[in-house]
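Okay, structure first, notes after.
Computed from the coordinates by the stated procedures, all read-outs in this text should not be read as laboratory data. For clarity, every value in this text was computed on a predicted model and none was experimentally measured. Neighbour counts are summed over all protein chains in view; Cβ atoms, including those assigned to glycine, are modelled from backbone coordinates with ideal geometry.
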Protein chains: 2
Amino acid sequence: MASGKSKANVLLVGGGSVGAIAALNLECGGLAAVTIVCRSNYSVVSKNGYSIKSCDHGAIDSFRPTNVVNTVPDVSDGPQFDYIVCVTKNVADVPPLLSELIRPAVVPGKTVIVLIQNGLNIEKPLIAEYPQNVVLSGVSMIGANEPSPGHVDQDFPDTLFVGAFDNPNMTPESQKAAAEDFVRRYSAGGKTQCSFDSNVGWTRWRKLVYNACLNSICAITGLDTGRLRLADGAVAGIVRPAMLEIVAAAKAAGHDLPATVVDDMIEMDPLDMYLPPSMLSDTRKGNYIEYENILGQPLAEGEKLGVPMPTLKVLYHLCQAIQWKNKELRGLLGRK
Amino acid sequence: MASGKSKANVLLVGGGSVGAIAALNLECGGLAAVTIVCRSNYSVVSKNGYSIKSCDHGAIDSFRPTNVVNTVPDVSDGPQFDYIVCVTKNVADVPPLLSELIRPAVVPGKTVIVLIQNGLNIEKPLIAEYPQNVVLSGVSMIGANEPSPGHVDQDFPDTLFVGAFDNPNMTPESQKAAAEDFVRRYSAGGKTQCSFDSNVGWTRWRKLVYNACLNSICAITGLDTGRLRLADGAVAGIVRPAMLEIVAAAKAAGHDLPATVVDDMIEMDPLDMYLPPSMLSDTRKGNYIEYENILGQPLAEGEKLGVPMPTLKVLYHLCQAIQWKNKELRGLLGRK
């Protein structure tokens, strides 16, 4: 680990809009040097950097992270990273697995892995592969998109909650220290809200009230959150029952969510903004959806704890069928 | 009513592929003269008739029903009809209502109304509007489509079950006699299977095992029946549970379906034919779906009888949201 005031060496996997803002937050505080892994926008970003319009940072003509690369670096013959921050989509049922993707850059027993990703149990495959590494949870509320390669618009502030997933092979103190160090570096620029999260499970279950329900129902119906709230019977008939199932499962898992959480989540997106949640954006683009972590894992947890989840179960299998359709279209099934 | 050997005067509302084959079956037996109401294909059919390739009838260059019209005739100043046969889609939540559409042609206390349409309780609005008219149920198994206006391909035989819906204002005998007369006329050409149906409720609930479940799940997921059977977990996770809910609701309503019905319906469409059920065809074309009669009514009946239907309830509200989306796109909601 880099000492307190020296720059940490950070590998940021995922160079889209959320990754660009994360890189900016880390670099602007002076306590991190970011190597960002870009894919489709690599040629633009490596040449010109990002052009950013941000509610947190203002307008920036060109932000170029310390290094821009197009593949995860192999650290066996180069500098090692203190942190690997993953902001890619985490599609559990489509290869490559995240744990494989980052393998060339992981130093066992050293690199701290930060997952700024949605869903439940996403740390399990990482801890299984890298049992002596700290894995941190990042739950982000941010509104950002990349209308053209390298151009990033951030409409909603980046509010990031960072804590440690429980790795039973390591002491709670070392994991907490890693989380606090990351929060300090991410917050150093003073442009963003990044807080230490002492209860990762609670934070993740809370966000699932939105993600497992609104996100999946929007993806299935093709309606954005504003329209879903207007559509005949949708909130009372499916959104609210689904959310109550998540609240019940969270409670069974030991996480008491506030009584207002269901209404808070239903009303979170402004009615007149017609915001497409991430899985709806994905289905519209023909991309794979993160339904397994967002919907499948909370369903499995709830059912394991004896919580009836009839609504979530149907939504899960519908998402699974939609994913299958997309896999077939992309030739992933080996069928014509 | 026309006497036994004279031609019945039949108005056939709906001049698509199913209507064309129904008109052909009625006219080829010599016991009916058909006036067919066409919409989008009116100019072609009125000029050239239908060009038909049929597994029941063979190839027919030009079949022109006795009369081809483009609107429901007003019988107050013209010949009356013995039967009004409705083969249009029955979309209960989008105007015009069928009972309004056929009003100019209905003679109270005389015209027999035949509904060759899917779903439950479709007779209720008709009996409410025309309490002294017989309303017949037609449940059809047919595979037919109209690849271009006036060109009809029939791939699967027309098997039609006709019986009387229970109109409490009329004697069972008169209703049964009307059904038997219609069966006789429809069967007279000897080219098709048309049988008297002594238990309309049983027949309709049986078909709902397919329609409420496979049809709606295909429409929601975008998968045809062949692919849905292949998709990970879909049959075990949603199709079978949904079908068992329909079987339970049917039983509560007094209709014991055979033990094999679930597997029979799952396996009805050949795996390698990738058949889109009607609601999937509709969502692909951006048409309204018949989810209210096919899904909403059996759900309401089952819940009224105390049958738990958690799967059907979710499917219903998802279809309702999809219909709302389509209504908005078509400007039916009066919103921008």
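Each DSSP beta bridge with both residues in the stretch B:8-198 is either parallel or antiparallel, and the antiparallel ones are about 35%. What net charge is computed for the residues neighbouring B:Tyr83, neighbours being all others with C-beta under 10 Å from the C-beta of B:Tyr83, Lys and Arg scored +1, Asp and Glu -1? Residues near B:Tyr83 contribute -1 overall. Full extension of the chain between B:Arg64 and B:Met273 gives 72.1 nm of extra length, using 0.36 nm per residue less the Cα-Cα distance. Separation of the stretch B:79-132 and the stretch B:243-300, taken as the distance between their Cα centroids, equals 23 angstrom. Taking every Cα-Cα distance in the stretch B:201-329 and sorting them into 5 Å bins from zero, the calculated P(r) comes out as 2, 12, 23, 24, 20, 13, 5, 1, 0 percent. Pairs over the 21 Å Cα-Cα cut-off, from the set B:Lys207/B:Lys313; B:Lys89/B:Lys207; A:Lys327/B:Lys89; A:Lys251/B:Lys313; A:Lys124/A:Lys191: A:Lys327/B:Lys89; A:Lys251/B:Lys313; A:Lys124/A:Lys191.
Local charge for B:Arg103 was computed over the other residues whose Cβ lies under 12 Å away, with Lys and Arg +1 and Asp and Glu -1, and equals -3.
Net charge within 14 Å of B:Gly29 by Cβ-Cβ distance, Lys/Arg positive one each and Asp/Glu negative one each, not counting B:Gly29 itself?
+1
Under 20 Å of direct C-alpha separation, and excluding same-chain neighbours fewer than eight residues apart, B:Lys176 reaches these aspartates and glutamates: B:Asp82, B:Glu123, B:Asp166, B:Asp197. Projecting the Cα positions of A:Ala8, A:Asn67, B:Gly254 onto the charge dipole of the protein assembly as shown (unit charges on Cβ atoms of Lys, Arg, Asp and Glu, taken about the Cα centre) puts A:Asn67 furthest along the positive direction.
Only Lys, Arg, Asp and Glu carry charge here, each on its Cβ (+1 for the first two, -1 for the last two); on that basis the stretch A:181-336 has a dipole of about 640 debye about its Cα centre.
Between the alpha-carbon centres of the stretch B:167-210 and the stretch A:147-198 there is a gap of 69 Å. Under a model in which nothing but the beta-carbon of Lys, Arg (+1) and Asp, Glu (-1) is charged, the stretch A:96-233 shows a dipole of about 160 debye around its Cα centre. Once both labels are positioned 7 Å from their Cα atoms along Cα-to-Cβ, the gap between A:Asp155 and A:Lys53 label points is 1.2 nm. In terms of overall dimensions, chain B has a Cα radius of gyration and Dmax of 19.5, 60 angstrom.
Given a Förster distance of 22 angstrom, what is the FRET efficiency for A:Leu305 paired with A:Lys124, based on the Cβ-Cβ distance and rounded to 0.05? Once rounded, the FRET efficiency stands at 0.85. Sparsely packed loop sites in the stretch B:275-336 (the GluC sites (Glu not before Pro) outside DSSP H, G, I, E and B with at most 15 other Cβ atoms within 10 Å) do not occur.
Positive-end ranking of A:Ser174, A:Ala188, A:Gly286 along the dipole of the stretch A:157-289, with charges on Cβ about the Cα centre, is headed by A:Gly286. Charges were assigned to the Cβ only: +1 to each Lys and Arg, -1 to each Asp and Glu. The resulting dipole of the protein assembly as shown about its Cα centre is roughly 800 debye.
With N as its number of residues, the protein assembly as shown has a Cα radius of gyration that, divided by 2.2 N^0.38 Å, comes to 1.17. Rounded to the nearest 500, the 222 nm mean residue ellipticity of chain B from helices alone is -10500 deg cm²/dmol, with -39,500 (n - 2.57) taken per DSSP H run of at least 4 residues.
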